[in-house]
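The values are calculated or read from the model by the stated rules, or taken from the named source; none is laboratory data. Just so you know, these numbers come straight off a predicted model, no measurement behind them. Counting neighbours? That spans all protein chains shown, and the Cβs are built from the backbone with ideal geometry, glycine included. Note: accessible area is taken over every heavy atom of the protein model, side chains too, but ligands, DNA and RNA are not part of it. Shrake-Rupley method; radii C 1.70, N 1.55, O 1.52, S 1.80 Å.
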Amino acid sequence: ENYVVSQYIAEFWNSITNGVFVALALLGMHTTIKHRQGKRVFACYAALMFVGCGSASFHATLKYTTQLLDELPMLYLCGLVLYALVEIDKDTRYGAKAPLALIAMQAIITAIYVFWIQSPVFHQVAFALTAFGGVGCGLKRLREMQLSNRTKRILGRLHLLGHVGMWSGFLAWNVDNVFCHRLRSYRTHVGSPLDVFLQLHGWWHILTAYGSTYLLLWVHFIRLARLGHDHLFTIKYRLGFLPYIAMKTPKKVD
């Protein structure tokens, strides 16, 4: 089904659905700059945008070089999230040691994947270990803090929605892989525009974009709680469906 919708884009729906990553990431970056909430959180949202751009470029071209842009940024995003949680305070605790260690780790994983073990399983295991490391670090940070009931509810909802988005997206991805030919025949049968609902790889992008964003908002709110600013912020939705952190009052936070 390559180049069916457009002669310039190989997998049209799989490409444009990555725009959800970009939109949600830009909103997070804007919020971080507006409320001056630190470079580490900003870098996480920027990495999320890089994930979307890399995936879009791969599905538009189906080249090996852009395939790496589809896969590797996910690792780098998880590494940045882990760093943001390790260095969650306003002043860094480990100086240059923590970022250098994470850069070295990501560089080694990248080199092994590109030059030695060019297997999706290796990439998936490395991604899962880094991601679970970030979640574990976030949970550890929560145990270290005394949180209000309101903040606990917000964090619990963000964490739940993050996992719902990620695991439902993972399910859609696997169903698409297993039943690819059958889904293709169904899409041909129903025709446009109903075939959009059977573009499960595209739905994988949308669901994981939301799952990733909710988990980044979880990390973001943990940092606000750590700095004692959580009572000033809440979760709102731009256009009714784009989540972001907003101030409850117009008061600025340094």
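Just a yes or no: is a residue in the range 184-193 charged (D, E, K, R) and open to solvent by 50 Å² or more (accessible area, probe 1.4 Å)? Explain how you work it out, then say what you get.
Of the range 184-193, the ones charged (D, E, K, R) are 184, 187.
This time we only want the ones that are open to solvent by 50 Å² or more (accessible area, probe 1.4 Å), so: 184.
Checked against the condition, which is being charged (D, E, K, R) and open to solvent by 50 Å² or more (accessible area, probe 1.4 Å), the range 184-193 yields at least one hit.
Mind checking which residues of the range 206-254 are at pLDDT below 95, touching a strand residue (DSSP E or B) at 6+ places or on another chain (Cβ under 7 Å) and either part of a loop (DSSP other than H, G, I, E, B) or open to solvent by 60 Å² or more (accessible area, probe 1.4 Å) (or both)?
Listed by number, the list holds a single entry, Lys248.
With open to solvent by 50 Å² or more (accessible area, probe 1.4 Å) and either more than 30 Å from Gly228 (Cβ to Cβ) or not in a helix (DSSP H, G or I) (or both) as the only criterion, which of His201, His181, His163 stands out?
It is His181.
For the range 19-130, which fully contained helices (runs of 4 or more DSSP H) count at least 1 residues that are closer than 21 Å to Phe221 by Cβ?
Because the criterion is at least 1 residues that are closer than 21 Å to Phe221 by Cβ, the helices (runs of 4 or more DSSP H) in the range 19-130 that meet it are 19-34, 39-61, 64-86.
Please name all residue pairs, on different chains or six or more residues apart, with Cβ atoms under 7 Å, provided the first residue is in the range 235-248 and is touching a residue at least 40 places away in the same chain (Cβ under 8 Å) and the second residue is exposed (fewer than 13 other Cβ atoms within 10 Å of the Cβ).
Pro243/Tyr237
With respect to the numbered conditions (1) closer than 20 Å to Ile16 by Cα; (2) of a type in the set (Val, Ile, Thr); (3) out of contact with any Gly (no Cβ under 9 Å at 6 or more places or on another chain), which one is the sole condition not fulfilled by Val196?
Evaluating Val196 over (1) closer than 20 Å to Ile16 by Cα; (2) of a type in the set (Val, Ile, Thr); (3) out of contact with any Gly (no Cβ under 9 Å at 6 or more places or on another chain) leaves (3) as the failure.
Filter the range 1-28 for residues that are polar (S, T, N, Q) and under 30 Å from Thr234 (Cβ atoms); which is least open to solvent (accessible area, probe 1.4 Å)?
Asn18
So which residues in the range 123-152 are touching a residue at least 24 places away in the same chain (Cβ under 8 Å) and farther than 25 Å from Met105 by Cβ?
Met145, Leu147, Ser148, Arg150, Thr151
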